[in-house]
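No lab work stands behind these numbers, since they all come straight from the coordinates. All figures in this text were calculated on a predicted structure; none of them were measured in a lab. Please note: Cβ atoms are built from the backbone with ideal geometry, for glycine as well, and neighbour counts cover all protein chains shown.
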Amino acid sequence: MRLGISIGTSFSTDGPDGQRLGPRAVLAQARAAIGADLDSLTVGDHHATGPSGYVQNVPIIGRILAEWAGRQIGCLFLVPLWHPVLMAEQIGTLAAMADGRFIVQAGLGSGHAPFAAMGVDLGRRAPVFEESVRVVRALLGGETVDSQRFGLQGARIAPTPPEGVEWWICGGVPRAIDRAARLGDCWYANADLTPTSAARAISLYRDACATHGKEPVRVPIRKDVLIRERRSEAERVGDALVAAGYRGFDRAAVAYGDPASVAESLAVYGDLGFTDVIIRAMSPLPPELGPDAAARTVELAGEVRALLA
């Protein structure tokens, strides 16, 4: 089972140097992921978050590519919030700089505020998503594309991905899982799944793949983690976060402890048939752990990777 990382890119802009803290923290985790020899690296996508900060996906991946080599890289796109030609151009350029097949994690997005800020109809996001994926796929394949929905005539881009891309379609409800089987190279399972709910969801996905005659290239799942040298310290902090309602997650959906106990928790997903676990450091962490706690979690993930391998 492979171990990758999705670096959290939300941050507070408070303080005299607040605008710079988020990008610096992302780069610190990326460098830790290099040292830990993790198998893949991705970042998320969100828009119009002010006054809270969110490091944008395309520029930060471009910066990370200056140091990340020999392993897969990619990012999430909330597809309805992007013009498909712009999205395809960004992917094509990043993929031309990257090693291997670029990972495109594709999500629907949610919430009125970001859709209103971007001038997109939230109620039409599903059909927009499907047409966008069709258009972007064709553009990345070097085709000339028309689209009545987007008013495109003879659109074509360059560069295109020299080694292709992998489409990881996000979603948790049955309709979204079916969409992943139909449109994607694989389904990207949500972080809130427990071993029990993940077993049900991956069974749905296998059935959908059979229906659509698809064979996924991999089956990844994201997991929020906290790793410390001492299991007791990680459990004290993790238990407090869960008790406070951490992202609305069940305790069984997150993994925290020392490297051995976290590896044991994550290995369950390999037994269920998931090929990749994509970790994200739990956030926000209490100040008592210090400013480098997230990066330290990523460093220790190297030990988890070795145990899982």
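Can you tell me which residue in the range 28-54 is farthest from Asp17 (Cα to Cα), limited to those that are touching a strand residue (DSSP E or B) at 6+ places or on another chain (Cβ under 7 Å) and in a loop (DSSP other than H, G, I, E, B)?
Asp39
Can you name the residue in the range 267-283 that is within 22 Å of Ser10 (Cβ to Cβ) and touching a residue at least 60 places away in the same chain (Cβ under 8 Å) and, of all such residues, is surrounded by the most Cβ atoms within 10 Å (Cβ to Cβ)?
Restricting to residues being within 22 Å of Ser10 (Cβ to Cβ) and touching a residue at least 60 places away in the same chain (Cβ under 8 Å), the top hit is Val277.
Quick check: anything in the range 87-98 without any contact (Cβ under 8 Å) to a residue 12 or more places away in the chain and either out of contact with any Pro (no Cβ under 6 Å at 6 or more places or on another chain) or under 19 Å from Arg218 (Cα atoms) (or both)?
Checked the range 87-98: no residue is without any contact (Cβ under 8 Å) to a residue 12 or more places away in the chain and either out of contact with any Pro (no Cβ under 6 Å at 6 or more places or on another chain) or under 19 Å from Arg218 (Cα atoms) (or both).
For the range 237-257, does any single residue satisfy the condition of being within 18 Å of the chain's Cα centre (by Cα), among the small types (Gly, Ala, Ser) and part of a strand (DSSP E or B)?
There is at least one residue in the range 237-257 that is within 18 Å of the chain's Cα centre (by Cα), among the small types (Gly, Ala, Ser) and part of a strand (DSSP E or B).
Taking the range 234-266, which residues are buried (at least 16 other Cβ atoms within 10 Å of the Cβ) and of a type in the set (D, E, K, R)?
Glu235, Asp258
Check off (1) in a helix (DSSP H, G or I); (2) in contact (Cβ under 8 Å) with a residue 12 or more places away in the chain for Glu229 and give me the number that stays unchecked.
The number of the failed condition is (1).
If we keep just the residues of the range 13-48 that are touching a residue at least 60 places away in the same chain (Cβ under 8 Å) and over 30 Å from Leu307 (Cβ atoms), which is farthest from the chain's Cα centre (by Cα)?
Of everything passing the filter in the range 13-48, Ala48 is farthest from the chain's Cα centre (by Cα).
With respect to the numbered conditions (1) within 30 Å of Ala252 (Cβ to Cβ); (2) in contact with a strand residue (DSSP E or B) (Cβ under 6 Å, 6 or more places away or on another chain); (3) outside any loop (DSSP other than H, G, I, E, B); (4) of a type outside the set (Asp, Glu), which one is the sole condition not fulfilled by Val217?
All conditions pass for Val217, except number (3).
Return the pair list, or none, for Cβ contacts closer than 6 Å from residues in the range 233-249 that are under 19 Å from Ala293 (Cα atoms) to residues that are part of a helix (DSSP H, G or I), at least 6 apart or on different chains.
Hits for this filter: Val242/Arg251.
If we keep just the residues of the range 158-202 that are among the aliphatic types (A, V, I, L, M) and over 23 Å from Asp271 (Cβ atoms), which is surrounded by the most Cβ atoms within 10 Å (Cβ to Cβ)?
Checked the range 158-202; the qualifying residue surrounded by the most Cβ atoms within 10 Å (Cβ to Cβ) is Ile169.
If Phe77 satisfies every condition in (1) touching a residue at least 40 places away in the same chain (Cβ under 8 Å); (2) surrounded by 15 or more Cβ atoms within 10 Å (Cβ to Cβ); (3) outside any helix (DSSP H, G or I) but one, which is the exception?
Failed condition: (1).
Take the conditions part of a loop (DSSP other than H, G, I, E, B) and under 15 Å from Cys75 (Cβ atoms) and apply them to Gly109. Does it pass?
Judged against the criteria, Gly109 is a match.
Where residues in the range 136-157 are under 28 Å from the mean Cα position of the chain (by Cα) and in a loop (DSSP other than H, G, I, E, B), which of them is surrounded by the most Cβ atoms within 10 Å (Cβ to Cβ)?
Among those residues, the one meeting the criterion is Ile157.
Assuming Ala126 fulfils every condition listed in (1) part of a helix (DSSP H, G or I); (2) buried (at least 17 other Cβ atoms within 10 Å of the Cβ) apart from one, which condition is it?
If we test Ala126 against (1) part of a helix (DSSP H, G or I); (2) buried (at least 17 other Cβ atoms within 10 Å of the Cβ), just (2) comes out false.
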